[in-house]
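Structure first, commentary second.
The values are calculated or read from the model by the stated rules, or taken from the named source; none is laboratory data. As the structure is a computational prediction, the values presented were derived from the model and not from experiment. Ideal geometry is used to build each Cβ from the backbone, glycine not excepted, and the neighbour counts take in all protein chains shown. SASA here: full protein model, heavy atoms, side chains in, ligands and nucleic acids out. Shrake-Rupley method; radii C 1.70, N 1.55, O 1.52, S 1.80 Å.
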Amino acid sequence: IIASSFIALGLFVVLNILNLEKTVTSLLAGAGLAGLAVGLAFQDPIINTISGILMSVKKSYSIGDLVETNSYFGNIEEISLRFTIIRTFSGQKVVIPNKMVIQSPLTNYSLSGARRIALKCGISYGEDLEKVKEVAIEAIESNIDYDKSREVGFFYEGFGDSSINFVMHIWTDIHSQPNYLQTQSDSIIALKKAFD
């Protein structure tokens with residue numbers, strides 16, 4: 001490399017002595033443009049590789065984790081030095097460059113060990129609101145397998161056109177999306193039966 005540098009320097013000196021400054025300028029400009037083009041061409045692969053190395057060191061997520069990033073929601077299927085593959089719940093494989101994963105917010109639902117179901121509902125204006133709260137909480141506590149270390153939350157949210165709206169917070173340690181949706185569905189059934 002050093003020998004090549006001396007040869008190039010010698011060539012430029014000789015051309016300059018022979019009053020070929022324009023040739024020297026053209027060569028320097030060409031070398032600069034070529035260097036810039038090569039640098040830009042390798043920019044993304046290099047950044048993706050560095051991002052992949054950072055991801056492997058940080059250990060913020062691993063294969064199988066349920067994540068949401070770059071508007072995609074699913075399980076991580078593969079992590080390489082240059083890209084991450086997410087399998088969405090509609091069955092598609094999404095290949096995301098690692099620099100996009102590093103530079104964008106990422107929610108890892110598997111890391112915390114807990115997920116919250118926010119169950120929204122409404123009750124008619126004629127009902128006893130305190131009784132509704134009591135019945136709803138009892139329905140969840142008696143019929144749903146939830147995280148018993150956290151209380152079932154019940155909060156009235158506002159007045160709708162034909163109902164008083166509320167939300168229930170139910171914590172679960174379920175990570176897989178199908179089981180999460182099943183628990184949410186079972187909660188709706190339990191609530192409807194209790195209200196009936």
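What the table below lists for this structure:
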read-out	value
Shape category assigned to the range 67-196 from the gyration tensor of Cα positions, a/c cut at 1.5	prolate
Accessible area of VAL67 in the full protein assembly, 1.4 Å probe (Å², nearest 10)	0
For ALA114, residues with placed amide H under 5 Å, excluding near neighbours	none
Cβ-derived FRET efficiency at R0 30 Å, GLN103 paired with PHE155, nearest 0.05	0.25
At most 13 other Cβ within 10 Å, DSSP loop - chymotrypsin sites (Phe, Trp or Tyr not before Pro), the range 96-168	TYR125
Calculated FRET value between SER112 and SER162, using beta carbons and R₀ = 30 Å, to 0.05	0.20
Within the range 154-196: backbone nitrogen closer than 11 Å to the ILE85 label point (7 Å, Cα to C-beta)	none
Gain on full stretching of the segment that runs from SER71 to VAL135 - 0.36 nm per residue minus C-alpha separation	19.3 nm
Whichever aspartates and glutamates have a C-alpha closer than 13 Å to that of LYS93, once near sequence neighbours (fewer than 8 apart) are set aside	GLU77, GLU78
For the range 162-178 and the range 73-101, distance of Cα centres in Å	27
Coil-residue GluC sites (Glu not before Pro) of the range 127-177, DSSP, other Cβ within 10 Å capped at 15	GLU127, GLU151
